[in-house]
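Presented below is the structure to which this report refers.
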Amino acid sequence: MAEEFDTDVFVAGGGPAGLAAAIAARQAGLTVTLADAARPPIDKACGEGIMPEGVAALKRLGITLAPQPASRVGAPELAPGRFFALAGMRFIDSDGAIDARFPHGVGWGVRRTVLHQLLVDRAAETGVDLLWGTRVTFHPNMHRNRARRGRRNLSQEGVIVNGRTLRCRWLIGADGQNSRLRTQAGLGPLRTTRRRFGFRCHYGLAPWSEFVEVHWSERGQMYITPVASDQICVAFITEQRLSFDEALPHFPLVAERLRGAKRLARILGAVSTTQKLPLVWRENVALIGEASGSVDAITGEGLTMAFQQGLALAEALRAGNLQLYQAAHRRIIRLPHFMTQLMLSMDRHANFRQRVFRALSAEPSLFSRLLAIHVGALHPLSFGVRGTASLGWHLLTG
């Protein structure tokens, strides 16, 4: 009965994944409470680029901005200091550069704090009950009570907010890689296949390109993402124990661009992992975002996956069937995990990377089609026998 619950949905964690789930659930007509120990806007080290399919998911969540035309590099933004339109991606290494435009729409370069505040404002607008600076714990006997009482749901047992029990129909774990709710619900552990280190900082510098640039070296990858008309985000991802400043000389083109530019804030660091979880739900508990698994930051798909998961989760909640979410979650992560393996192979093996660069430089349309696959605009099977044969030939002869 409805009176048994204080809220239909309780979301533990107020990052982008938790806010996306909360907004989508409210749009589905459910009452939602979200709690997080931090206060907005919450920052985190990331590349700050959102791919076109992520932009589409944000639009479904009710967040739409009208970015400047991608061709007007350096022109005044319609919303100064808030975002920058991204036309495509460019890969650069010592042998040269290859680039391609997104097949449909544009991406966004947006500061993490700006994005988080947009999500917070939208959640408040939809009527999510937001509890910031709030301590959330779960009933210590969650598993034992479930086993003893049989039909009683996990979410009815275990949500304790600032010492007060809050009853909910659904309990959503958006509490990150080290999710306590995942442990309490008996889901996991995550299976980690790769662990790397990431760093991010901002420079007061006008973007020189309408593309996200990915610079490759034997030390890792350095991403350049325009986030405003006068600001860029520089992110470095590596498997080596190397600081941002130690890595910069290994990317001479980036170092030259940044010479004399003002660093706007301290460098933030984070661990970038590739992790999988066989099951992302149990009874009335579901996991989202990094609590449910992750891909290496090399793909730039983390935020897009979180937004898509939030929308899929809301549909499953509305239908009262979390198995639907499990199936959708598998579909959402399948392609990013495939692209992660491909790109990390280029990171591990310099000779393979050089051959790939030469092959794609010899036939630029191949890179355009691979980018279309990467952003979900083209099915991998659509690459076709001809595309595969052409790429294979160039790899053999590169």
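The values are calculated or read from the model by the stated rules, or taken from the named source; none is laboratory data. As the structure is a prediction and not an experimental result, all values here were calculated from the model. Cβ coordinates were reconstructed from backbone atoms using ideal geometry, including for glycine residues, and neighbour counts include every protein chain displayed.
A few notes on this one:
- Criterion: at pLDDT 90 or above, farther than 25 Å from Ile42 by Cβ, in contact with a strand residue (DSSP E or B) (Cβ under 7 Å, 6 or more places away or on another chain) and not in a loop (DSSP other than H, G, I, E, B) - qualifying residue of Trp170, Trp216: Trp216
- The residue that is surrounded by the most Cβ atoms within 10 Å (Cβ to Cβ), counting only those in region 273-319 that are more than 24 Å from Val212 (Cβ to Cβ) and of a type in the set (Asp, Glu), is Glu283.
- When region 99-141 is limited to residues that are basic (Lys, Arg) and over 17 Å from the mean Cα position of the chain (by Cα), the one that is farthest from Trp216 (Cα to Cα) turns out to be Arg135.
Matching residues to (1) free of Cβ contacts under 8 Å to residues at least 12 places away in the same chain; (2) touching a Leu at 6+ places or on another chain (Cβ under 8 Å); (3) aliphatic (A, V, I, L, M):
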site	(1), (2), (3)
Leu205	no, yes, yes
Trp208	no, no, no
Phe211	no, yes, no
Val214	no, no, yes
Ile224	no, no, yes
Cys233	no, no, no
Glu239	no, no, no
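- Boolean, Ala270 is within 24 Å of Glu53 (Cβ to Cβ) and surrounded by fewer than 24 Cβ atoms within 10 Å (Cβ to Cβ): yes
- Annotation note: of Arg331, Arg386, the sole residue that is modelled with pLDDT of 85 or more and in a helix (DSSP H, G or I) is Arg331.
- Residue in region 52-70 that is among the acidic types (Asp, Glu), under 17 Å from Ala377 (Cβ atoms) and modelled with pLDDT under 95 present: yes
- Residue list for region 243-292, restricted to those being among the hydroxyl-bearing types (Ser, Thr, Tyr) and in a strand (DSSP E or B): Ser272, Thr273, Thr274
- In region 8-54, the qualifying residues are those that are of a type in the set (Gly, Ala, Ser) and on the phi > 0 side of the Ramachandran plot, and the one that is surrounded by the most Cβ atoms within 10 Å (Cβ to Cβ) is Gly13.
- Only one of the numbered conditions (1) modelled with pLDDT under 90; (2) out of contact with any strand residue (DSSP E or B) (no Cβ under 7 Å at 6 or more places or on another chain); (3) within 15 Å of Ala22 (Cβ to Cβ) is violated by Met142, and that is (3).
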